[in-house]
Amino acid sequence: MSGTQSLNGAGPANGGGRGVLSEEIKEQIRGLYPKYPTKRAITLPALHLVHDTYRQVSVEAIREIAELLDLHPSEVHDTMTFYQFFRDEKAPLGKHRVWVCRSISCMLRGGEELLAGLCDKLHVKPGDTTSDGAVTLEFAECLGACEGAPCMLIDEDCHMNMDQAKATQVLSQLA
Amino acid sequence: MAEFEPVLLARINKPDSTSLASYQADGGYEALRKALGMSPVEVTNTIKDSGLRGRGGAGFPTGLKWTFLPKDHPGPIYLAINADESEPGTFNNRVLMEKDPHQIIEGIAISCYAIKSNTSYLYLRYEYGQSYRALKKAVEECYAAGILGKNIFGSGFDLDIVLHRGAAAYICGEETGLIESLEGKRAWPRIKPPFPAIEGLFRKPTIVNNIETMACVTQIMKRGIEWFKSIGVPPDPANPRDAGSYGPKLYCLSGHVNKPGVYELPMGITARELIEKYGGGVPNGRQVKAVVPGGISMGFLTAAELDTKLDFAGPGKVGCLGLGTAAVVVIDDATSMVDVLFNCARFFAHESCGQCTPCREGTDWMRKILQRMRNGKGTLADLDLLMEVSGSIGTIPGTTICGLADGAAWPVKNAVKKFRSEFEEYIKSGKKSVDPGAHLVGAH
């Protein structure tokens with residue numbers, strides 16, 4: 001890919017260089033080298049660092065991760081796309097990522113209705129981001145909080161015993 | 001019988017239960033100190049003699065697994081901890097990690113000493129943010145206190161624990177899928193042999209153990225073999241292959257039950273007792289229709305099978321795959337088994353890793369057949385087709401590398417066999433299920 005492609009979301013921190021990863025992120029990735037006997041094992045941690053920061057992993061970011069880990073970009077791309085967890089530049093994450101569980105324990109207690117209701121409320125389909133970029137709403141398979149079904153995960157925090165009103169309330173408080 | 005006093009969960013409701021100071025005030029890390037005063041072989045034998053069987057699903061004897069490592073290997077040897085808890089209905093590991101992370105770290109340290117490993121990778125599912133924070137803080141506290149790192153307690157034993165976060169894929173709970181994922185690759189399970197104990201992570205001898213298993217290791221080292229064997233169910237003398245079901249177990253109770261939660265009880269409690277005595281029964285005056293005994297891949301118990309003992313052998317006696325993760329999901333009599341089974345099939349179709357064609361295609365066929373049924377277009381022949389597909393995928397028929405497809409097939413086989421009349425009635429009536437997300441393309 002040429003340098004003319006959109007690097008949306010990955011620009012401001014790069015210090016003006018051609019790359020999209022900030023020196024800080026690169027340093028964090030290099031800091032993981034001693035923890036693993038192969039650099040390839042750092043693929044997922046590196047993808048998480050980039051994804052959390054930039055809300056996407058662009059083709060250029062993949063190339064830079066590959067360079068840091070002595071891999072071919074296709075190897076990083078292969079791993080990244082397997083998980084269906086990481087977003088590329090075509091569908092970056094919104095500011096907050098909201099997962100609504102649809103697996104059995106939540107389904108039995110209204111998880112599917114909760115997901116559909118939030119989609120309607122936010123005018124999105126599962127997987128989409130609101131037009132203001134605030135929230136990406138997705139379904140999740142079992143979030144492991146079945147005692148509090150239905151549950152939803154917002155970024156790194158699980159919210160249990162949700163209903164439409166409570167979920168709307170929690171979402172309205174997101175900064 | 002007196003109420004069972006929780007051991008694995010004894011500390012979870014204490015204020016500050018996650019801190020090192022609080023853990024040590026309760027005698028924490030004394031079991032590690034004790035283990036470090038023994039030889040690694042003695043520690044392994046202790047776990048072996050306790051009869052501890054892995055809590056992750058398969059129930060393989062933990063100590064025996066450790067002895068499969070090559071003798072006098074120059075190293076490194078790795079302990080990979082499977083904290084990718086993703087089986088629907090399962091959350092016991094999460095509660096342990098969030099509320100008592102030091103009990104887990106102590107078990108890891110004891111286990112690593114036993115298997116002569118100086119590095120443990122803890123593979124944690126990404127969704128467990130609070131578990132990650134609790135473990136991260138606990139590991140840092142341990143390094144600062146000399147409980148991790150070099151020369152632990154002056155014993156000469158070194159240990160590093162690395163927390164490694166997954167990326168939302170069920171297949172990473174399969175031990176060789178986990179290993180591949182840890183190596184930075186797609187989580188495609190490996191053909192065995194070689195088993196991980198011979199050639200595992202980074203092609204080195206590797207043991208993969210579960211979080212709850214680690215908590216049991218800590219408690220066995222602390223309380224002894226006799227304590228562990230005084231709880232649970234001894235081997236069935238009529239079955240020479242039964243290794244027994246000793247010790248306490250964390251049962252995850254969810255679904256249509258008044259008091260969902262994680263309950264620590266002696267192995268072998270019946271589904272009925274768990275649901276009625278501990279779970280407070282089914283809400284809204286409803287009755288039990290079906291119960292998932294140990295995560296959806298284990299199949300279903302009917303209402304007539306509620307006296308099944310939830311030990312390693314019990315669910316298998318009534319046609320389920322096994323005890324699995326002991327995730328008990330209660331389904332009431334107002335719920336359609338067609339909808340329940342569709343939910344299970346959709347899960348496995350979504351989570352099949354795609355490596356083996358029979359699983360990749362078969363799980364999605366089953367999903368599509370059930371979707372068709374829910375749309376009012378099912379035929380009675382679909383039931384036979386479901387049985388045929390479910391009987392053709394997995395390690396049992398020998399068509400796949402790992403057991404994901406066996407887990408996908410089991411609820412289908414159980415539901416069609418045990419609830420066949422309900423499926424037939426549903427199909428004949430031409431009724432449709434309500435899909436709240438039907439208008440949302442992409443929700444599938």
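The values are calculated or read from the model by the stated rules, or taken from the named source; none is laboratory data. Remember, it's a predicted structure, so these values are computed and weren't measured experimentally. In this analysis, Cβ positions are derived from the backbone assuming ideal geometry, glycine residues included, and neighbour counts consider all displayed protein chains.
When the range B:268-298 is filtered for residues that are within 14 Å of another protein chain (Cβ to nearest Cβ), not hydrophobic (A, V, I, L, M, F, W, C) and not in a strand (DSSP E or B), the ones remaining, listed by number, are B:Tyr278, B:Gly279, B:Gly280, B:Pro283, B:Asn284, B:Arg286, B:Pro293, B:Gly294, B:Gly295, B:Ser297. Of all residues in the range A:106-159, exactly one satisfies the criterion of being of a type in the set (Ser, Thr, Tyr) and in contact (Cβ under 8 Å) with a residue 40 or more places away in the chain, namely A:Thr136. The condition of being part of a loop (DSSP other than H, G, I, E, B), more than 14 Å from chain A (Cβ to nearest Cβ) and at pLDDT 95 or above holds for only one of B:Pro237, B:Pro194, that being B:Pro194. Within the range B:341-356, identify whether any single residue is farther than 16 Å from B:Phe419 by Cα, more than 14 Å from chain A (Cβ to nearest Cβ) and either touching a Cys at 6+ places or on another chain (Cβ under 7 Å) or β-branched (Val, Ile, Thr) (or both), and answer yes or no. The answer is no; no qualifying residue exists. On the basis of being surrounded by 20 or more Cβ atoms within 10 Å (Cβ to Cβ), farther than 30 Å from B:Leu341 by Cα and either more than 9 Å from chain B (Cβ to nearest Cβ) or in contact with a Cys (Cβ under 7 Å, 6 or more places away or on another chain) (or both), does A:Ala61 make the cut? Against the criterion (surrounded by 20 or more Cβ atoms within 10 Å (Cβ to Cβ), farther than 30 Å from B:Leu341 by Cα and either more than 9 Å from chain B (Cβ to nearest Cβ) or in contact with a Cys (Cβ under 7 Å, 6 or more places away or on another chain) (or both)), A:Ala61 qualifies.
Of the listed requirements (1) touching a helix residue (DSSP H, G or I) at 6+ places or on another chain (Cβ under 6 Å); (2) more than 9 Å from every other protein chain (Cβ to nearest Cβ), A:Ala149 misses just one: (2). Suppose we keep only residues that are in a loop (DSSP other than H, G, I, E, B) and in contact with a Leu (Cβ under 7 Å, 6 or more places away or on another chain) within the range B:240-267. Which one would you say is farthest from the other protein chains (Cβ to nearest Cβ)? Going through the qualifying residues, I end up with B:Gly247. Looking only at the range B:167-186, residues that are more than 7 Å from every other protein chain (Cβ to nearest Cβ) and in a loop (DSSP other than H, G, I, E, B) come to 1 in all.
Of the listed requirements (1) out of contact with any helix residue (DSSP H, G or I) (no Cβ under 9 Å at 6 or more places or on another chain); (2) surrounded by fewer than 20 Cβ atoms within 10 Å (Cβ to Cβ), A:Phe85 misses just one: (1). Restricting to the range B:24-45, name every residue that is aliphatic (A, V, I, L, M) and either outside any helix (DSSP H, G or I) or modelled with pLDDT under 95 (or both). Listed by number, the list holds a single entry, B:Met38. Taken over the range A:116-139, the criterion of being at the interface with chain B (Cβ under 10 Å from one of its Cβ atoms), out of contact with any Pro (no Cβ under 7 Å at 6 or more places or on another chain) and crowded, with 22+ Cβ neighbours inside 10 Å is satisfied by A:Pro126 alone.
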